[in-house]
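Below you'll find the structure, written out as structure tokens, and then a few comments.
The values are calculated or read from the model by the stated rules, or taken from the named source; none is laboratory data. Values in this document were obtained by computation on a predicted structure and should not be read as measured data. Here Cβ is always computed from backbone atoms with ideal geometry, including for glycine, and neighbour counts include all displayed protein chains.
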Amino acid sequence: MESAPTDARFSFAMAANGRPSISFTSPGAPSIRLSDGDDPLASLAATMEQLKPARQAGQPLVVLGSADGYLLTALARHPLALPFGRQQCVYLLEPNPGNLLLAMMIHDLSGANGPIRQERIQWFVGGDCMSAFRKALRNDAFLPFPQINLASSPDGPRLAEQLTDVLKEILEHDKNLEQKLLRRYPEFPVERLLEMTSENPPRAPRALLLTTRFSTVLQYSTADTQAGLEELGWEAKVVIEPSSHHTLTFPAIRQTMLDFDPDVIIQIDHVRAEHGNLFPETVPFLCWTQDHLPTLINPQAGENQGPLDFLLTDHGPWYSRNFGYPAENSLTLGKLTRVPEIPVSWTSDGPDLCYVSNAAKLPEVAAEELVASVRTHPDLQTLARRCSTELIARYADGTSFAGTQDLRAFVDQLAAAEGLTGLAGLPELTTELFERLNNILYRQQALGWAADVADARGLSLEIYGSGWDKHPRFARYAKGVVGYGAPLEALTRSAKLNLQIVPYFSLHQRLLDGIAAGGFYLVRSHPADTTILDCARFLNRFAPDAATVAAAARVIPEDRRGEFEALVAANSFIADRLDAVELVRVYQGQGLFLDDAEMPPRVGEVSFASAGQLDACVSRFLGDEALRREIVLSQRAAIAGTLSYSAGMRRVMRQLHARLAERHTASELSLSAA
């Protein structure tokens, strides 16, 4: 570290109010204090307020000079909480060690909350500080370039100019990486990918998976996808921020691609177009739609799909029909689960009843948030308020809504009563009501049954998740948050009776994960649990090749039309997205209902639709651990063979191989004809 010649020109100074500061003297000029105004703390408060938006957004910033140390100390000791544990990255560039030494005499920079020990605060000190900063960003491409710079040193203007030069170098480096990738993937190697996705590839295929640590579920699902692919013999690499102050930068991702040379790229809930020109169009990009996000369910996203953009989804026809995604690039994939190792034997000596969920928000609060979200549309807001109030009242009377189709009829009825029939936005309002309010009401309704059963029988009920300790009805059962992975798996096995409560087909993520961990579940039954299976059995017999209701209707025998129409009506709970036959085909594409068997096995035995049925299930299963173990082991085996990550990835790659083979054959035929 070189020492700049200006070090000796820094000295202690006192502000007008007596607080210690630092002054700088340059030849032929009067001394200046490195804090504005007469009070360093007042100056600091003004600066921190000015920085508040950047701090709330977690924007990386650089402090150009340590000045009198007040700002550096405050940034270290008073970070703003960011979502998912993200941390703001702060750089200190100080060319004058003497200045920093004086600042350290004013402030204690040690300790866990000081700037020295925090990894998110990067130090570059000495006359070569900019060179060291430049080198650090080249060596660690995940370090974000600062978006805010604060000149707290006489050298600030000079350092700011040098920062601009560093940014230009980074952009030029990224451009070079982009050109290297384009040369690496000049055209789509269809023959190579056909070999890589075949049953006997010449080498281990390679998949690059992109995710972020600033998520709840996605990073874990991505890691499980990686493990599933590796079970199949693939090499799989996950690109994720190395720490909470790092960022997924273009140079970091591009360099990883050059080093790893993937055959395919996989990302959950994001399509290629969202990344601009980051990924060459000649590399297949597989987007797994675990959540139907606004960035996915819009025509622009569908229009931006290229020939090698594939959608892994359980709503393929809906995406194609409504948003223009190419139907031929839709690969069927729904929920999957990691199947962990479990003990050879264990004792369920935990709570009698156990429920894990974050759906603890009071319905009235959720309703107010929903109404506020449509405040720019007065008529829609009026209807949203009426629907929310009425929906809460219906649940209080014991009613429930298990699907968006029934809820849409409810919304239409209230719209007519308000004189708002035909109002734009009703489908969107129905979706918001279902996800944000009905979801909570449906879960808490059945949880109330469980609480009543537990209290009446003198049983223990434990509820895990955020916010339950503040819920007036369920606070006394609240046990806080349980960690994802091994802690949750251990809790699930220890509970005698776990509860699954969702307003969808019951084969939901929590149930899959819980059964895979060896947990026994009582399931609030949903109409789809039986109607989809009934429809699948009918189609397997009378219309095995039909892909839609219309296609099935053309081939079904006349004497079976009435039965078919009844099955279609019974499976209309998501008819706004998929018709009954499309729904069955989606699940069959996931390996379900191909042999007329329910999934998971024996789910009908453990299901309940009312407080009385739940009480009967508790009577039957609570004291019979052998029966519980028999059922869960049969369910676990079925899930492991069909809905594990390795099973799901095997199906996806087989579908991808088939689609590419069809395209390759069509291309060869076209060339032959020419």
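When the test is whether a residue is modelled with pLDDT under 95, outside the structural domain of residue 448 (by TED's automatic domain parsing) and aliphatic (A, V, I, L, M), residue 652 does not pass it. Report whether or not residue 213 is more than 28 Å from residue 646 (Cα to Cα) and not assigned by TED's automatic domain parsing to the domain that holds residue 139. No: the conditions fail for residue 213. Does the range 241-252 contain at least one residue that is in contact with a helix residue (DSSP H, G or I) (Cβ under 9 Å, 6 or more places away or on another chain), aliphatic (A, V, I, L, M) and either farther than 25 Å from residue 660 by Cβ or crowded, with 16+ Cβ neighbours inside 10 Å (or both)? No - not one qualifying residue is present in the range 241-252. Scanning the range 391-421 for residues that are touching a Phe, Trp or Tyr at 6+ places or on another chain (Cβ under 6 Å) and among the small types (Gly, Ala, Ser) turns up 400, 403.
Take the range 372-389 and flag every residue that is part of a loop (DSSP other than H, G, I, E, B) and either in contact (Cβ under 8 Å) with a residue 40 or more places away in the chain or within 11 Å of residue 414 (Cα to Cα) (or both). Of everything in the range 372-389, those that are part of a loop (DSSP other than H, G, I, E, B) and either in contact (Cβ under 8 Å) with a residue 40 or more places away in the chain or within 11 Å of residue 414 (Cα to Cα) (or both) turn out to be 374, 377. How many residues does the range 445-467 hold that are under 16 Å from residue 363 (Cα atoms) and touching an Asp or Glu at 6+ places or on another chain (Cβ under 7 Å)? Number satisfying all stated conditions: 0.
Give 88, 59 a once-over and let me know the one that is surrounded by 18 or more Cβ atoms within 10 Å (Cβ to Cβ) and modelled with pLDDT of 95 or more. Unique residue meeting the criteria: 88.
Where helices (runs of 4 or more DSSP H) sit wholly within the range 187-293, those with at least 3 residues that are of a type in the set (Asp, Glu) occupy 218-231. Residue 575 meets each of the listed conditions (1) outside the structural domain of residue 401 (by TED's automatic domain parsing); (2) surrounded by 21 or more Cβ atoms within 10 Å (Cβ to Cβ) apart from (2). Does at least one position in the range 595-613 carry a residue that is farther than 22 Å from residue 527 by Cβ and assigned by TED's automatic domain parsing to the domain that holds residue 520? So far as the range 595-613 goes, no, none of its residues is farther than 22 Å from residue 527 by Cβ and assigned by TED's automatic domain parsing to the domain that holds residue 520. The residues in the range 390-435 that are aliphatic (A, V, I, L, M), surrounded by 15 or more Cβ atoms within 10 Å (Cβ to Cβ) and not in a helix (DSSP H, G or I) can be counted, and the count is 3.
Taking the range 438-548 as the region of interest, none of the strands (runs of 3 or more DSSP E) fully inside it holds 3 or more residues being farther than 24 Å from residue 614 by Cα and free of Cβ contacts under 8 Å to residues at least 12 places away in the same chain. Of the residues contained in the range 152-159, one or more are found to be outside any helix (DSSP H, G or I) and among the small types (Gly, Ala, Ser).
Evaluate the range 164-186: report whether one residue or more is within 30 Å of residue 98 (Cβ to Cβ) and among the charged types (D, E, K, R). Yes; the residues of the range 164-186 include at least one that is within 30 Å of residue 98 (Cβ to Cβ) and among the charged types (D, E, K, R).
Annotation: residue 631 fulfils all but one of (1) part of a helix (DSSP H, G or I); (2) closer than 26 Å to residue 453 by Cβ; (3) modelled with pLDDT under 95; the unmet one is (3).
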